[in-house]
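Read the structure below first, then the notes.
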Amino acid sequence: MMILIKLGGSVITDKTRYRTFNSEVVGRLCHEIKESGKDVVIVHGAGSFGHVLAKEHDINSGFKNREQVPAVAQICYDVRELSSMVVSELISAGIPSVSVPTGSCFVMDNRELIFDNGEPVRRFRDLGIVPVLFGDVVTDRSLGFAICSGDQIMEKLAELFDPEMVVFVSDIDGLYDKNPKTERDAMLYDEVDSGILKEVSTKHDVDDVTGGVRAKMEAMLRMCSDNRDCVLVNGNAEGRLLDLLRGEKVVCTTAKGGIL
Ligand code: IPE
């Protein structure tokens with residue numbers, strides 16, 4: 001059985017500074033994954049390698065004018081470079097892995113990722129090589145291009161590979177009732193269901209063209225089932241991902257019951 005892990009852009013990059021890679025954190029997380037001994041598929045976000053230019057050039061609206069085109073190419077370049085750095089850390093940690101650029105392997109239609117049977121992902125897994133997918137600009141049959149978030153990729157992979165657990169690694173301890181970075185009395189939810197989600201504020205303090213924590217929790221609720229937990233865990237806390245992968249109880253938020 002496999003565990004599907006997303007390394008969020010907020011933990012692998014500094015989201016406020018264009019193209020800033022958190023190599024130490026990523027290196028440690030890769031070692032934690034290796035140490036767990038688990039079979040994994042990895043997705044990562046774009047962080048400041050994607051969101052900064054995507055917002056500046058309104059990339060998620062699809063093709064509007066030729067001026068966006070160089071920005072699309074630049075973002076594709078930037079996120080591929082980020083992915084190479086992630087894969088480099090995985091290989092150094094002893095995990096044979098390969099970057100599978102979403103926009104080079106798949107297309108979208110009206111922002112829906114067309115994954116078919118995910119053959120490249122399947123075949124690398126058969127070889128014992130961990131596929132690493134990532135949020136990317138992807139050509140779109142209707143819009144010309146659009147942004148495919150790591151969360152969308154996670155949903156497709158979860159449908160296709162039926163993982164035993166889905167893990168979102170972020171820079172916060174889990175889901176709070178208020179923004180923990182600005183509100184001192186913010187309370188962490190151990191578990192969330194669709195009722196709780198409705199009450200959660202949609203505010204977030206960093207520019208993010210694909211939505212903040214709330215959107216991630218929504219995706220998580222769609223991905224969990226009776227025998228599959230979806231967990232949001234803080235990757236900046238040393239050893240927490242490792243403990244979670246080992247089945248220990250850790251500080252995190254677990255999505256339960258699906259979307260109602
Ligand atoms: C965004 O991917 C992709 C681009 C902006 C090109 P994600 O939405 O999954 O990235 P993070 O995790 O929020 O940074």
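Numerical summary
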{"read-out": "The range 137-157, subset buried (at least 21 other Cβ atoms within 10 Å of the Cβ) and of a type in the set (Gly, Ala, Ser), residue farthest from the ligand (Cβ to nearest atom)", "value": "Ala146"}
{"read-out": "Residue that is in contact with a Phe, Trp or Tyr (Cβ under 7 Å, 6 or more places away or on another chain), under 26 Å from Lys34 (Cα atoms), outside any loop (DSSP other than H, G, I, E, B) and not charged (D, E, K, R), where the choices are Val121, Val98, Val137", "value": "Val98"}
{"read-out": "Matching residues, the range 54-89, being in a loop (DSSP other than H, G, I, E, B) and either on the phi > 0 side of the Ramachandran plot or touching a residue at least 24 places away in the same chain (Cβ under 8 Å) (or both)", "value": "Asp58, Gly62, Phe63"}
{"read-out": "Of all residues making up the range 228-260, the number that are part of a loop (DSSP other than H, G, I, E, B) and in contact (Cβ under 8 Å) with a residue 60 or more places away in the chain", "value": "13"}
{"read-out": "Complete set of residues in the range 34-58 that are touching a helix residue (DSSP H, G or I) at 6+ places or on another chain (Cβ under 7 Å) and within 18 Å of Gly235 (Cα to Cα)", "value": "Glu35, Ser36, Lys38, Val40, Val41, Val43, His44, Gly45, Ala46, Gly47"}
{"read-out": "Selection from the range 158-172 of residues that are surrounded by fewer than 19 Cβ atoms within 10 Å (Cβ to Cβ) and either touching a strand residue (DSSP E or B) at 6+ places or on another chain (Cβ under 9 Å) or modelled with pLDDT of 95 or more (or both)", "value": "Phe161, Asp162, Glu164"}
{"read-out": "Selection from the range 218-260 of residues that are small (Gly, Ala, Ser) and surrounded by fewer than 22 Cβ atoms within 10 Å (Cβ to Cβ)", "value": "Ser225, Ala237, Gly239, Gly247, Gly257, Gly258"}
{"read-out": "Answer residue from the range 122-151, given it is among the hydroxyl-bearing types (Ser, Thr, Tyr) and touching a strand residue (DSSP E or B) at 6+ places or on another chain (Cβ under 6 Å) and is farthest from Ala73 (Cα to Cα) among those", "value": "Ser142"}
{"read-out": "Members of the range 96-136 that are away from the ligand (no atom under 15 Å from the Cβ) and of a type in the set (D, E, K, R)", "value": "Asp109, Glu112, Asp116, Glu119, Arg122, Arg123, Arg125, Asp126"}
{"read-out": "Within the range 177-204, tally of residues that are among the hydroxyl-bearing types (Ser, Thr, Tyr), surrounded by 14 or more Cβ atoms within 10 Å (Cβ to Cβ) and modelled with pLDDT under 80", "value": "1"}
{"read-out": "Matching entry among Arg17, Arg66 (being of a type in the set (D, E, K, R), modelled with pLDDT of 95 or more and touching a helix residue (DSSP H, G or I) at 6+ places or on another chain (Cβ under 9 Å))", "value": "Arg17"}
{"read-out": "Residue in the range 22-40 that is part of a helix (DSSP H, G or I), of a type outside the set (Phe, Trp, Tyr) and within 11 Å of the ligand (Cβ to nearest atom) present", "value": "no"}
{"read-out": "Any chance Ser83 is among the small types (Gly, Ala, Ser) and either touching a Phe, Trp or Tyr at 6+ places or on another chain (Cβ under 8 Å) or within 18 Å of Asp39 (Cβ to Cβ) (or both)", "value": "yes"}
{"read-out": "Qualifying residue in the range 8-15 (condition: outside any helix (DSSP H, G or I), of a type in the set (A, V, I, L, M) and in contact (Cβ under 8 Å) with a residue 60 or more places away in the chain)", "value": "no"}
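The values are calculated or read from the model by the stated rules, or taken from the named source; none is laboratory data. Predicted, not measured: the structure shown is a model, and the values here were computed from it. Backbone-built Cβ (ideal geometry, glycine too); neighbour counts: all protein chains shown.
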